[in-house]
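Working notes, structure below.
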Amino acid sequence: MSRLAVAVAFLLSICAFAQTAQPISSDPLAISLAQKSLAVVTGGTPISDVTLNANVISIFGSDNETGTGTFSAKGTSESRVDLNLGGGTRSDVRNMANGTPGGAWEKDGGTSTAYAQHNCWADAAWFLPALSSLTQTANPNFVFKYIGQEQHRGVNTQHVRVFQAAPQGLQTLSTMEFYLDPISSLPLNISFNLHADNDMNRNIPVEINFANYQTVNGIQVPSHFQRMFNGQVVLDVTVTSAVFNTGLPDTLFALQ
């Protein structure tokens, strides 16, 4: 190979590296839509924590159980779901330790089981848009992309994608899809992927459908939401009360 060819190849490799090393930037329209949605959801009220009490239906195949649930969250990285059903209890938590997200679950007060770490990068407070990654427009580690106007579940939406660009390689694991009402700007649906415990490359779709927003102390709370897992509704929730900014302790978001 001639010296000229070697030089050209070297320059091309440097250009390719420079292109791959460039930080991913957010779309201004996506940022604007997220900020508008958050302003509508919060009414400008700062939110540090929330506790939702609800009536729930838990659905696993043909097995339906009714009961009550408490959905708590603090900031964007801590959450807890406690279900008290006819067949027993279940608790799920998400938390953050030294900048790394984690979580665990337990049933009937037994020994807790840790989540696979690759399943802890999606939003912790999946049940409340006011504490979702929509709040992270000023965080340089989060990237906002405008996907476009599209029909989702039979209605017109504005589709915004949010993911973490840092630490390296988290784009896929942290990606959240937000479907916003084009008129009210309220989030209608949030979707993301979970993964098999032993295979982070196997995607399992999860979707949260929000409806019947009610104003509580100036904050828009979806009084009805459903959690879908792999295309099937697994949890149907009707909120009976919502309280904000009560000073929930970090200890709430850990299982003993």
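Bear in mind that the values in this text are calculations on the coordinates, not laboratory data. On a predicted model such as this, the values are computed, not experimentally measured, just so you know. Neighbour counts run over all protein chains shown; Cβ positions are idealised from the backbone, glycine included.
Remark: the range 110-127, residue by residue, has Karplus-estimated 3J(HN,Hα) of x, 5, 7, 10, 6, 5, 4, 4, 5, 9, 10, 9, 6, 4, 6, 8, 5, 8 Hz, where x stands for each Gly or Pro and the curve is 6.51 cos²θ - 1.76 cosθ + 1.60 at θ = phi - 60°.
At full extension, N64 and W105 could sit 12.8 nm farther apart than now, given 0.36 nm per residue minus the alpha carbon distance. Placing one identical point scatterer on every Cα of the range 26-253 and ignoring solvent, what is log10 I(q)/I(0) from the Debye formula at q = 0.09, 0.12, 0.14 Å⁻¹? Values, matching the q order: -0.34, -0.63, -0.89. The protection proxy used here, the mean number of other Cβ atoms lying within 10 Å of each residue, ranks peptides 155-166, 194-205, 125-136, 95-106 as follows, highest first: 125-136, 155-166, 95-106, 194-205.
A Cα-only calculation for the range 162-244 places Rg and Dmax at 15.1, 43 Å.
Once Lys and Arg get +1 and Asp and Glu get -1 on their Cβ, which of A54, A254, F178 lies farthest toward the positive end of the dipole of the chain? Result: F178.
Of N209, N141, N189, the residue with the greatest mean-square motion in the GNM of the chain, using alpha carbon springs below 10 Å, is N141. With a cut-off of 14 Å on the backbone N, no residue of the range 96-134 is near the modelled label site 7 Å out from A196 along Cα-Cβ. Label positions at A166 and S48, each projected 7 Å from the Cα along the C-beta direction, are separated by 2.8 nm. Averaging 1/r over each pair of different alpha-carbon atoms in the range 135-193 and inverting the result gives 12.0 Å, the Kirkwood hydrodynamic radius. Computed from the Cα positions only, the extents of the range 26-135 along the three principal axes stand at 47, 32, 26 Å, in decreasing order.
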